[in-house]
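Undergrad: Below are the structure tokens for one structure; questions will follow.
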């Protein structure tokens, strides 16, 4: 392999797209998860839960636009193939995102009697969006197979991703809230964690058997050795976090952010495993990143902008999170 | 039904729903900045009350715009894969720059603008407002660049049936871009000024005479009265630009079937495409020649020059007339309202009653204008490069029909809820008047300037 621009650019963009998806899953994961947790929260708690994500959700969702945008602009052939194959789940995802996105704002502005209705819409939208994302991941892992097996596996992954998001939401609440709600969030985290771990194990086991190519990639020496830290480390982190849930919240609120960071690390490990399995394909077993890529000169001009702008974006995103750091208080327009 | 026409209706429905909200947020961001700067300068808390009422409308409109915009970024792939395959090398970077330079900026600072008044200094809060308003405008710039390039493509070459960029300057500043951008930004300004004037008139009718109502009412009415003549001029220039680069669109807008001099300006007609003539025509002799060529003997292009290669006449002809008609009504209403506010410091009741439905006149004119220019581009998706029919994806018509039906129901319900909230917010502000709580000032927060500072 020679390292010239036409070879490197698609590789760089695959990396950028992976990064955008990972950041999206972690960031929107916690606010989708809080939407899912609305199902078990009481009315009074819901306001605090919204306050914990209100200033962030919009920017979180922008990472999805960036990820899809990068797929669209860097790998136009793959964008068409993947999205037409996933027409109905993509539609459901969008439906869910529309419902929960507007519910955020409507619930705060409608007359008090109608607030309950928008809380429910927020819950339903968050659940639909999470399930749709999980289903798409499952079908994608199986090479866009939409036979009976594909649908069943997609449904399994859908439930597990929803559980993983709920765990993220609970972990974020442990960081952003205090008192009774924080204690409740610890219990939510414990339940969701079991489901999330089961789901991750299921996806890991199913992936090599779904595709002989991935099977060969996993179970050959010495690649097996290089790959082994991913599952082992994930399992250790899961077990450690599970033990932690019996000691949280700690006095003076030490380590309130730790569960969230641990979950983010687990997400990153799982994501690395997926990336390793699929490389160099962007549409499993059909299109490699080089076959699907745009012209090098177009990629170059996007890269020039990205190199300048992305650090600035990350900088001011951190700033925005810092402004709203600390425990959530009721949101007011002031 | 045919997946092509269903996909077109679906994309049309989505983009029509979407544009309603950016057309509010683009200009409303700057109006909010104006309220904020007036408050900073005068210390008059009525400006801040106007800000707090309208920042809620901004937040809601922004959320509606974001979620409907996400939908569209997916639909390029789900419904129109041929589009990115053919012109992805041009459209891709333009969309990428929109996301990188605008979307993140707006989204990150929106949180601070909406909820950060007591968490950051007043200066940072004003800066956040500037960045959000600037972000919406930059976003409009990039998307108008892409749309204009699809109308009047430039700066590219075709290699193996795929468009490749040759000159990015020519792509960005393609022939119709400056005209379309100015026309759209002014349209946004008018949409917002009529919305503010209309909802303030509603408060006026409910007996609200508070300072914040007057400030919002005057801002809305005077902005509208200043912008509308500029818009009429800009629209005329845009039309002349279209005549130069897309004459078949002008022929359809004027329902002119035959190229020639002394073409009348058709005021009313039912264009009949099969018979190639207008039924029930009411026209001003030589009008179109005078407007488009500034001479009664000026030659105006007709549809006979573009057999099988011109847009459908009926929708283009009528949406253009709806846009112009709404514009004229906007001129009359805003100038009368400005006259009464200046002379009598009050509004006659019938005028106030008329201004309430006119709150949505900007939406009507914007939609009609976009229908004119987008349907007027057909049968092309990218003029001369890609036909709409060649871009549609291999999705079953039943899938498109089902999702379209759900989208339509959802959009109607969301619009009802949105308008309901606008009226609710206006009536609540009318009831509270100048007694509404002003949390940031009341609580004497850390960095909040005292009145007058």
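Since every read-out is calculated from the coordinates, none of them should be taken as a lab result. The shown structure was predicted, so the numbers you read here are calculated from the model rather than taken from an experiment. Cβ: placed from backbone, ideal geometry, glycine included. Neighbour counts: every protein chain shown.
Undergrad: Enter the mean number of other protein chain beta carbons within 10 Å of the beta carbon of each residue in B:393-400, as an integer.
TA: That works out to 3 on average.
Undergrad: Next question. Averaging the inverse of every distinct alpha carbon separation and then flipping it gives the Kirkwood radius. What is it for the stretch A:220-312, in angstrom units?
TA: 17.0
Undergrad: At q = 0.12, 0.23 Å⁻¹, what is the log10 ratio I(q)/I(0) for the stretch B:266-361, with the Debye formula run over Cα points and no solvent?
TA: Results for the stretch B:266-361 at q = 0.12, 0.23 Å⁻¹ read -0.60, -1.22.
Undergrad: Over all residues in A:294-303, what is the mean tally of Cβ atoms on other chains that come within 10 Å of each residue's Cβ?
TA: 6
Undergrad: I would also like to ask the following. Is any residue of the stretch A:202-216 close enough, with backbone N under 15 Å, to a label point placed 7 angstrom from the Cα of residue A:242 along the Cα-Cβ axis, and if so, which?
TA: A:202
Undergrad: Could you bin all the Cα-Cα distances of chain B into 20 Å bins starting at 0 and give me the percent of pairs in each, rounded to whole numbers?
TA: Cα pair-distance distribution for chain B, in percent: 23, 53, 23, 1.
Undergrad: Suppose we take every Cα in the protein assembly as shown and form the convex hull; what volume per residue is that in Å³?
TA: In the protein assembly as shown, the Cα hull volume divided by residue count equals 165 Å³.
Undergrad: Considering chain A as a Gaussian network with a 10 Å cut-off on Cα pairs, which listed residue, A:273, A:125, A:149, attains the greatest mean-square fluctuation?
TA: With Cα springs under 10 Å in chain A, the top fluctuation among A:273, A:125, A:149 is at A:149.
Undergrad: For the stretch A:169-214, rounded, prolate or oblate, judged on the Cα gyration tensor with a ≥ b ≥ c (square roots of eigenvalues), a/c < 1.5 rounded, else prolate if a/b > b/c?
TA: prolate
Undergrad: Could you list B:291, A:314 in order of exposure, starting from the residue whose Cβ has the fewest other Cβ atoms within 10 Å?
TA: On the way: B:291 18, A:314 12.
Going from sparsest to densest Cβ surroundings: A:314, B:291.
Undergrad: State the extension gain, in nm to one decimal, for the chain segment bounded by residue A:290 and residue A:307, taking 0.36 nm per residue of separation less the distance between their alpha-carbons.
TA: That pair, residue A:290 and residue A:307, stretches by 4.0 nm at full extension.
Undergrad: Can you tell me the length gained on complete extension of the stretch residue A:321 to residue A:117, counting 0.36 nm per residue apart and subtracting the Cα distance?
TA: Values: separation 204, 0.36 × 204 = 73.44 nm, distance 2.94 nm.
In short, 70.5 nm is gained.
Undergrad: Sticking with this structure for a sec: In nm, to one decimal, how far is the modelled label at residue B:306 from the one at residue B:123, with both set 7 Å along Cα→Cβ?
TA: Distance between label points: 5.5 nm.
Undergrad: Please compute the average number of Cβ atoms from other chains found within 10 Å of each residue's Cβ in peptide A:97-107.
TA: Average neighbour count from other chains, rounded to a whole number: 6.
Undergrad: Just the Cα atoms of chain A: what Rg and Dmax do they give in Å?
TA: Reported Rg and Dmax, both Å: 20.3, 65.
Undergrad: Please give, to one decimal in nm, the separation of the simple spin-label points placed at residue A:226 and residue B:329, each 7 Å out from Cα toward the Cβ.
TA: 6.8
Undergrad: Rounded to whole Å, give me the distance from the Cα center of the stretch A:118-164 to that of the stretch B:1-53.
TA: When both Cα centres are located, 33 Å separates them.
Undergrad: Report, in deg cm²/dmol and to the nearest 500, the calculated mean residue ellipticity at 222 nm for chain B, where each DSSP H run with n ≥ 4 adds -39500 (n - 2.57) and the sum is divided by the residue count.
TA: Only helices count here, giving -24000 deg cm²/dmol.
Undergrad: Can you sort A:116, B:294, B:310 from fewest to most other Cβ atoms within 10 Å of each residue's own Cβ?
TA: B:294, A:116, B:310
Undergrad: Separate question: In what sequence, highest mean first, do A:77-84, A:286-293, A:38-45, B:244-251 appear when ranked by Cβ atoms within 10 angstrom?
TA: A:77-84, B:244-251, A:286-293, A:38-45
Undergrad: Specify the inter-centroid distance of the stretch B:400-427 and the stretch B:112-170, based on alpha-carbon positions, in whole Å.
TA: With the stretch B:400-427 and the stretch B:112-170 each reduced to a Cα centre, they are spaced 27 Å.
Undergrad: If each DSSP helix of 4+ residues adds -39,500 (n - 2.57) and the sum is divided by the residues in chain A, what number results at 222 nm, nearest 500 deg cm²/dmol?
TA: Working: 14 runs with 264 residues, N = 334.
Helix-only estimate at 222 nm: -27000 deg cm²/dmol.
Undergrad: Kindly put A:236, B:192 in sequence by how many other C-beta atoms sit within 10 Å of each C-beta, fewest to most.
TA: So the ranking, lowest neighbour count to highest, is A:236, B:192.
Undergrad: What shape does the stretch A:175-334 have by the C-alpha gyration tensor, where a ≥ b ≥ c are the square roots of the eigenvalues, rounded means a/c under 1.5, and otherwise prolate means a/b greater than b/c and oblate the rest?
TA: Numbers: a/c = 2.87, a/b = 1.30, b/c = 2.22.
Because a/c hits 1.5 or more and a/b fails to exceed b/c, the stretch A:175-334 counts as oblate.
Undergrad: Could you sort the peptides B:39-49, A:204-214 by per-residue average Cβ neighbour count (10 Å cutoff), highest mean leading? Before the final figure, lay out the partial values.
TA: Working: B:39-49: 18.5, A:204-214: 15.9.
The most tightly packed comes first, giving B:39-49, A:204-214.
Undergrad: Now for a separate question. Suppose a student asked you for the relative contact order of chain B, using Cα pairs under 8 Å spaced at least 6 residues apart; what percent would you report?
TA: In percent, rounded to a whole number, it is 22.
Undergrad: A further question follows. At what distance in nm do the modelled label points of residue B:322 and residue A:279 sit from each other, each positioned 7 Å from its Cα along Cα→Cβ?
TA: Placing both labels 7 Å beyond Cα along the Cβ direction yields 5.3 nm.
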